[in-house]
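Presented below is the structure to which this report refers.
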Amino acid sequence: MLEQFPHYIEFRHVNKTFDEPVLDDVSFHVDAGETVAIIGRSGVGKSVTLAHIMGFLKPDSGRVIVAYEDITDFSESALRRIRKKVTMVFQSGALFDSLTVAENILFSLELRDDYDAANKEDVVRGLLGLVDLADYADAYPTDLSTGYKRAVAIARALAAQPECILYDEPTTMVDPIMSDHLADLMLRLKEHLQLTSVVVTHDLDLMRRVADRVVVLHDGRVIYFGPVSELETCKHPHIREFLEMDRV
């Protein structure tokens, strides 16, 4: 598999059209243990890209490789196997409002084959400690700010012991302090757990802090794919404009 598909995630000339083209000949890759950010204005195909990685959408043409396997034509049951390795933290957090924070994490734990009910409280406590939410085990999602909900959603995703996490706009609608906290958390997970990550974001500060490489989408096409450090000197007019608007 590794010879045929050397990258953990790879898009090979992916095209997707709804009423109009959303992804237009998109190619990029993510190696194991690295964080790749996908940036661009609203409506350029960032979330659609994540949906392809999860197998929620299939490309009209091109190939999508995830966890070193070509998932383009996978059945739903085969995709479920991939989704045990790759999990997504949704913008909304997608938490169960009727369950406490601890119960939300426990729900994800119970989907694991190797789950040991005897030490469930220790595991939940450990995960909450990892995301700095040890004091919130008995709180309900409605009691939490948007940023704390995202942190709980990350803890719940980690309970499934994934190899890769996809983050959909993790710092949207959170204050600067919580945004810093989430960035710190994402870096910690990358360093301690060697997690592979894909981050869709408008937040260029977050991109600079957590990403190794960046994909810039414009009108559904990749106009830059490379190290974050080289983005600042890229001469593409749309990238110059995007960076300039961020500074403003």
Practice problem: State whether the residues of region 171-191 include one that is acidic (Asp, Glu), under 19 Å from residue 211 (Cα atoms) and surrounded by 17 or more Cβ atoms within 10 Å (Cβ to Cβ). | Solution: no
Quiz prompt | region 78-115, subset among the polar types (S, T, N, Q) and closer than 22 Å to residue 52 by Cβ, residue modelled with the highest pLDDT | solution = 87
Quiz item: Quick one: which helices (runs of 4 or more DSSP H) sit completely within region 3-109 and have at least 1 residues that are touching a Pro at 6+ places or on another chain (Cβ under 9 Å) and farther than 30 Å from residue 143 by Cα?
Solution: 46-54
Exercise. Could you tell me whether residue 179 is touching a Ser or Thr at 6+ places or on another chain (Cβ under 6 Å), over 18 Å from residue 86 (Cα atoms) and either among the β-branched types (Val, Ile, Thr) or part of a helix (DSSP H, G or I) (or both)?
Key: yes
Practice problem: Say whether the condition of being at pLDDT 85 or above, of a type outside the set (A, V, I, L, M, F, W, C) and assigned to a helix (DSSP H, G or I) is met by at least one residue in region 152-167. | Solution: yes
Practice problem: Residues being of a type in the set (S, T, N, Q) and over 21 Å from residue 46 (Cβ atoms): count how many of those fall in region 161-197. | Solution: 2
Self-check item: From 47, 145, 108, residue being closer than 30 Å to residue 205 by Cα and either surrounded by 15 or more Cβ atoms within 10 Å (Cβ to Cβ) or touching a residue at least 40 places away in the same chain (Cβ under 8 Å) (or both)
Solution: 47
Practice problem: State the number of residues belonging to region 224-241 that are under 12 Å from residue 211 (Cα atoms) and without any contact (Cβ under 8 Å) to a residue 12 or more places away in the chain. | Solution: 1
Exercise. Report whether or not residue 233 is of a type in the set (Ser, Thr, Tyr) and under 25 Å from residue 94 (Cα atoms).
Key: no
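The values are calculated or read from the model by the stated rules, or taken from the named source; none is laboratory data. Keep in mind it's a predicted model, so treat the numbers as computed, not measured. Cβ coordinates were reconstructed from backbone atoms using ideal geometry, including for glycine residues, and neighbour counts include every protein chain displayed.
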